[in-house]
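As structure tokens, the structure follows; a few thoughts come after it.
The values are calculated or read from the model by the stated rules, or taken from the named source; none is laboratory data. Nothing here was measured: the structure is a model prediction, and the numbers come from that model. Positions of Cβ are generated from backbone atoms using ideal geometry, with glycine treated the same way; all protein chains shown enter the neighbour counts. The protein model used for the area step is the full one, side chains on, heavy atoms only, and it has no ligands, DNA or RNA in it. Shrake-Rupley method; radii C 1.70, N 1.55, O 1.52, S 1.80 Å.
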Amino acid sequence: MTQVQPAAPPRKQRPPPKEAFIDGIEHVTPGVIRISCSGPELAHFATPKPGGHIKLFFPPPGVVWPSADPASDIPRPPSRTYTPRRFDPAQNRLEIEFVRHGEGLASTWAERARIGDRVLIGGPGGGYVPPEDLRSIVIIADESAMPGAGMVLEALPQGCDVQVICEVAGAAEERALSPIVACQPRWLHRNGGTTPPGALLEEEVRNMPTPSTDACWWVACEAASMRRIRDVLIARHGVERARLHMRGYWKFGEANHPDHDYGTD
Ligand SMILES: Cc1cc2nc3c(=O)[nH]c(=O)nc-3n(C[C@H](O)[C@H](O)[C@H](O)COP(=O)(O)OP(=O)(O)OC[C@H]3O[C@@H](n4cnc5c(N)ncnc54)[C@H](O)[C@@H]3O)c2cc1C
């Protein structure tokens, strides 16, 4: 008897990336480069949610991807996750802010970027939409999460009490989180030395007075420190898990940390 083999599942079709070209490069602080890009394909870029993400693709030199040939089997190139900090649909223009953290596919690309360079963008996806009746929020971010924090700040309902805590390398990295919403973050400076990433955020959270029970928390920083902050919030301050929006944006010593690290483990 002939055995009928189940058909192989169809290959997951991902939408092709959108192509844009760099039209602006600005050194916002010594440690952050803002790159803007535009192009007609960004007419199909959906409005990003606050703290949402995009994927930037980096094909190896000489590789044309995506190929015009549908039968081409050029593999999907490496990608990295970034925040679509500001999108202007009138000009099909997107701004992205890159932390200059040293060796890294995306960080090195940003350092070397030139006007006219091609940018390949997937997304946007994800994000955090603050509830309309939100009365109080604490935003905790390192440099990589300041673009996301700025977006969340701009989406808060009127009258919402907001407290922002940012850990940065030093005073030169302090900057406005948003050009349209005023806020006075509490700045924590690593000031070189051996302070592990996120340690100052954790210490700050540990020592703060127990917050009001109706506060929500948007926390995004290095993955291990995000978990320690989560534990302090739950165990020491009794914050309900449902009030926490946690994201590990990068992981110390690990390249290409996944974009869906919500600290649920
Ligand atoms: C939803 C989301 C939004 C994000 N938005 C932004 C954004 O707007 N701007 C931004 O700069 N980053 C953002 N990130 C973080 C970014 O994806 C990571 O920093 C990523 O690792 C950078 O890629 P890379 O190729 O430069 O370095 P990788 O090749 O991934 O890593 C190389 C080395 O650099 C280290 N490293 C990576 N990032 C940092 C860092 N920030 N500081 C110090 N060391 C680091 C790694 O531990 C590793 O050892 C976001 C992440 C997520 C999940």
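Stretching Thr194 away from Arg14 to a fully extended chain increases their span by 60.6 nm, per 0.36 nm per residue minus the current alpha-carbon distance.
Per atom type, the chain shows carbon and sulfur on 53% of its accessible surface, probed at 1.4 Å. Once the 1.4 Å probe is applied to the protein heavy atoms, the chain comes out at 54 Å² accessible per residue. Beta-bridge orientation, the stretch 77-192: approximately 20 percent antiparallel, per DSSP, counting only bridges with both partners inside. Note: relative contact order over the stretch 16-161, using C-alpha pairs below 8 Å and six or more positions apart, is 33 percent. Annotation for Asp73 and Phe252: the two label points, set 7 Å from Cα along the Cα-Cβ direction, are 4.3 nm apart. Annotation: the antiparallel percentage among DSSP beta bridges lying fully within the chain is about 60.
If R0 is 25 Å, the Cβ-Cβ spacing of Ala46 and Ile115 corresponds to a FRET efficiency of close to 0.45. Using the rule -39500 (n - 2.57) for each DSSP H run of four or more residues, divided by the residues of the chain, the 222 nm mean residue ellipticity is -3500 deg cm²/dmol. The relative contact order of the chain, computed from alpha carbon pairs under 8 Å that lie at least 6 residues apart in sequence, is 17 percent.
Comparing mean-square fluctuations of Ile25, Ile180, Ile229 from a GNM of the chain with C-alpha springs under 10 Å, the top value falls on Ile180.
Can you give me the Cα centroid spacing of the stretch 219-265 and the stretch 140-159 in angstrom? Comparing the Cα centres of the stretch 219-265 and the stretch 140-159, I get a distance of 16 Å. Label-to-label distance, Asp88 versus Val181, with points set 7 angstrom from Cα along the beta-carbon direction: 2.1 nm.
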